[in-house]
Every structure is written in structure tokens, then in C-alpha cells.
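The values are calculated or read from the model by the stated rules, or taken from the named source; none is laboratory data. What you see is a predicted model; the values in this text were computed from it and never measured. Virtual Cβ from ideal backbone geometry, glycine too; neighbours counted across all protein chains shown.
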Amino acid sequence: MAQWRSDDLGEGFERLDLDLGEDNEGPLTATLVRALPPRRPLLDRLLRRERPLEAVDVLYVHGWSDYFFQTSLARFFTDRGARFFALDLRKYGRSLREGQTPGFITQLDDYGAEIELALAEIAEQTAAGEQRRLVLFGHSTGGLVLSLWAAAHPGRADAVILNSPWIEFQLSATARQLIAPIINLSARIHAFDVGPQFDYGYYDRAQHEVGPAEDLARVNDAWRPSRAHAVHTGWLRAILDGHARVHSGLGIEVPILTLLSQSWAAPLRWSEELTRADTVLEVDEVAAAAVRLGSNVTVERIDGALHDVFLSSLEAREEAYARLDRWLVGWQAADRIGS
């Protein structure tokens, strides 16, 4: 049986391997990382003063060509009393094994296996009778994965937080509908065919120029290369299918927060503008798609933010954390009133 062990992120972070069986590339593993809240000061315990997220568990899922390394984000939640868990999905980050195609999958719903294993492990760490709330937190592709899962499993999560979720094709829904038949046909014949690479490393450069140095210094370049992993047609078909399902409406019943940059910039050549905008997703398209996720959706646009709003410049980053905190306070208050 797999055991928790120290993680490369250092003190306060541990990891656990989750066995997913195997596929045609060999054994499959996902990795669950955890950070637990510090013990409350004695006076707070004596006075029964609780932190705002004392009975909350957060499950974070990363984006494409990425993995979890954002210790600052984890500490934001643990400092408020939450237990923070992050999944490195199969064939990503800590879960990537030699001989595997990074990030490759043909059905996004397959990620339900590691999500369920992660939630089972979280439940194992919960005392009998203890009532806790679950917040799903997804970045980019992880936001798409968790949105689809939440829609398919009503009543399991209590809130969804999305950091620049990839819930619509970069160009538009119309463009997606035009290319989807071509991608579907290609994927059925040659699922591992590689599409053109349009990532020149500018997004990675922008993060390192303005983002949190402490977090970015920990990045493993083998797991998160400066230019994204190759895009295969079988994987892209799964993504476009997810986008189509969002476009049709997911009907998620719990409150949803979507954090986005205020602007988008095409990363065709380097300029300082790329340090103040999302260069991965067309944010207006994402904002329009967000309202199709459910009936209780808040969209926050952060001026000067990058694609990962929590890896942006200090000013944009602080604004993103402030808005996240404000939303969580409101969510908690509404939850208390509702109960």
C-alpha cells in the first residue's frame, strides 16, 4: 500500500502515489500532494476562535503541460484553516513515467478515476462524523476537467474555483465547430499525430520576468517545459468534446468563481505587453463560456494578469488573492445563512 512521503516542495508538503492500473504505455499513476493547516494558537483554541476555512478541503488540478508547484497558493488556503490537496494527473508532473506521452488522454472523463481516489484518501483523513466542505480548484485544462466532473457528480462539491479555465476553444465556438469534424476524423485514424507547435516560450518568459520568484524557482523543467508539450490529435479531440459539452450547458448547482485576465495578447513576438495579459486563452471567449457552467457564476477580470493569475506581477497577483478572499468570505456567509 502506498504511503505518504516527503515531497520536493519541502517542509509541509507530502505526496502519495495513486495506482490507476495500466494502459498501452505501461503502469498509470496519479500523485496526490497535500499541505495541512498549521495548528491554531493556544489562545484561539481556548476561545474557540476558528479560522475562516477551518472545515474546508481544497482539491486543485493543474493545466496542460503543467503540474502543481504553487506553494503560495497552498499557503493561502492552509493559513485560513483549509486542508489543501493537489493532483498531478496521470502522465503529468510527478506522475509522468519514462516512455509515456506527456498529458495524453482520449477521454477527459477518464480523469474521474484519480479524482475519486483522491477524494477517498481525503475522506480517510476525516474523522467520523466530521462535516467538511469540498472546494474544487482548477487551472486552465484542469478547470475544464473539474467542471465536467462537478456537473456529472452533483452534490459532491460545495464550490468550484476556476483560474483561467480552458472551457472554450481559443478562437471561438464557431471555429471549434468547424474544425471538430476534421480533428475527430484524424484522431480516429492517427490519435498520436502531432499538431504544429505555436508556443515560443513567451508565456514562460513572462512568468519569470514578473511572477513570484519563490514559486517559479521550484519548477522542474522536465515536467513543465518552457515550451508546451506536443499536442496530439487524440488529446485535442477530447478537449474539443469537453468544450462542446460546456457550450451546451453543464448545470453545475454550486457557486462558481472564475478568475481571468482583463486582456488577451497574441504571443507572436516578444513584447512587454505579454507580461500583462493572458497569452494562452482568448479571455472574452472564456468569460462568455463561463456563464454556461451553472446558474451561480461570478466572473472576476484581473487587470494585468497572466494566464495563471497567481503567477502574475505582484500587483495583479495581490488583486487576484484579494478577490478570491472576498468571494470565499461571501460563499462562507451564504453557506451559514443557508444552513
### Residue, surrounded by the most Cβ atoms within 10 Å (Cβ to Cβ), within region 159-194, restricted to residues that are part of a loop (DSSP other than H, G, I, E, B) and at pLDDT below 75
191
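Scan region 37-56 and tell me whether some residue there is part of a strand (DSSP E or B), touching a Phe, Trp or Tyr at 6+ places or on another chain (Cβ under 9 Å), closer than 23 Å to residue 123 by Cα and at pLDDT 95 or above.
Within region 37-56, the first condition is being part of a strand (DSSP E or B), and the residues that meet it are 56.
Going one step further and asking which of them are touching a Phe, Trp or Tyr at 6+ places or on another chain (Cβ under 9 Å), we end up with 56.
Checking which are closer than 23 Å to residue 123 by Cα leaves us with 56.
Add one more test, that the residue is at pLDDT 95 or above, and what stays is 56.
Checked region 37-56: at least one residue is part of a strand (DSSP E or B), touching a Phe, Trp or Tyr at 6+ places or on another chain (Cβ under 9 Å), closer than 23 Å to residue 123 by Cα and at pLDDT 95 or above.
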### Residues satisfying the stated conditions in region 277-294, i.e. touching a helix residue (DSSP H, G or I) at 6+ places or on another chain (Cβ under 9 Å), in contact (Cβ under 8 Å) with a residue 60 or more places away in the chain and more than 14 Å from residue 147 (Cβ to Cβ)
278, 279, 280, 285, 288
### Filtered residues of region 288-331 (kept if crowded, with 16+ Cβ neighbours inside 10 Å and touching a Pro at 6+ places or on another chain (Cβ under 6 Å))
331
### Message
Could you check region 221-236 and list, in sequence order, the residues that are surrounded by fewer than 19 Cβ atoms within 10 Å (Cβ to Cβ), without any contact (Cβ under 8 Å) to a residue 40 or more places away in the chain and of a type outside the set (Gly, Ala, Ser)?
### Response
221, 227
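What residue, of 67, 60, is buried (at least 16 other Cβ atoms within 10 Å of the Cβ), part of a strand (DSSP E or B), within 14 Å of the chain's Cα centre (by Cα) and among the hydroxyl-bearing types (Ser, Thr, Tyr)? It would help to see each step written out before you state the result.
Details: 67 fails: part of a strand (DSSP E or B).
Checking each option against the conditions leaves just 60.
Return the residue satisfying two criteria in turn: it lies in region 111-136 and is part of a helix (DSSP H, G or I) and in contact with a helix residue (DSSP H, G or I) (Cβ under 8 Å, 6 or more places away or on another chain), and of such residues it is surrounded by the fewest Cβ atoms within 10 Å (Cβ to Cβ).
Step one: list which residues in region 111-136 are part of a helix (DSSP H, G or I), which gives 111-124.
Within this subset, residues satisfying the condition of being in contact with a helix residue (DSSP H, G or I) (Cβ under 8 Å, 6 or more places away or on another chain) are 111-112, 115.
On the way: 111: 23, 112: 15, 115: 22.
Once the filter is applied, the top-ranked residue is 112.
Evaluate region 139-149: report whether one residue or more is over 14 Å from the mean Cα position of the chain (by Cα) and either farther than 20 Å from residue 306 by Cβ or surrounded by fewer than 16 Cβ atoms within 10 Å (Cβ to Cβ) (or both).
Filtering region 139-149 for residues over 14 Å from the mean Cα position of the chain (by Cα) gives none.
No, region 139-149 contains no residue that is over 14 Å from the mean Cα position of the chain (by Cα) and either farther than 20 Å from residue 306 by Cβ or surrounded by fewer than 16 Cβ atoms within 10 Å (Cβ to Cβ) (or both).
How many residues does region 91-110 contain that are more than 26 Å from residue 246 (Cα to Cα), out of contact with any helix residue (DSSP H, G or I) (no Cβ under 9 Å at 6 or more places or on another chain) and surrounded by 15 or more Cβ atoms within 10 Å (Cβ to Cβ)?
Taking region 91-110 as the starting set, the residues that turn out to be more than 26 Å from residue 246 (Cα to Cα) are 93-101.
Going one step further and asking which of them are out of contact with any helix residue (DSSP H, G or I) (no Cβ under 9 Å at 6 or more places or on another chain), we end up with 93-94, 96-100.
Checking the rest, the ones that are also surrounded by 15 or more Cβ atoms within 10 Å (Cβ to Cβ) come to 93-94, 96, 100.
Looking only at that region, the number is 4.
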#### Entry: Selection within region 60-77 - more than 30 Å from residue 106 (Cα to Cα) and free of Cβ contacts under 8 Å to residues at least 60 places away in the same chain
75, 77
### Task
Could you grab the pairs with beta carbons closer than 7 Å, sequence gap of 6+ or different chains, first residue in region 137-158 and in contact (Cβ under 8 Å) with a residue 40 or more places away in the chain and part of a helix (DSSP H, G or I), second one acidic (Asp, Glu) and surrounded by fewer than 18 Cβ atoms within 10 Å (Cβ to Cβ)?
148/109
### Summary
Residue set 306, 257; condition under 17 Å from the mean Cα position of the chain (by Cα) and not in a strand (DSSP E or B); output residue 306
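Take the residues of region 242-262 that are crowded, with 18+ Cβ neighbours inside 10 Å and farther than 20 Å from residue 157 by Cβ: which is modelled with the lowest pLDDT? Walk me through it before giving the result.
First, the residues of region 242-262 that are crowded, with 18+ Cβ neighbours inside 10 Å: 242-243, 245-246, 250, 252, 254-261.
The next check asks that each one be farther than 20 Å from residue 157 by Cβ; those that pass are 243, 260-261.
Values: 243: 94, 260: 98, 261: 98.
Looking at residues that are crowded, with 18+ Cβ neighbours inside 10 Å and farther than 20 Å from residue 157 by Cβ, I get 243.
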### Query
Given the conditions (1) surrounded by 19 or more Cβ atoms within 10 Å (Cβ to Cβ); (2) modelled with pLDDT of 95 or more, which single one is not true for residue 267?
(2)
#### Entry: Where a residue in region 93-111 is closer than 16 Å to residue 32 by Cα and its partner, wherever it lies, is part of a helix (DSSP H, G or I), with Cβ under 7 Å and at least six apart
111/145
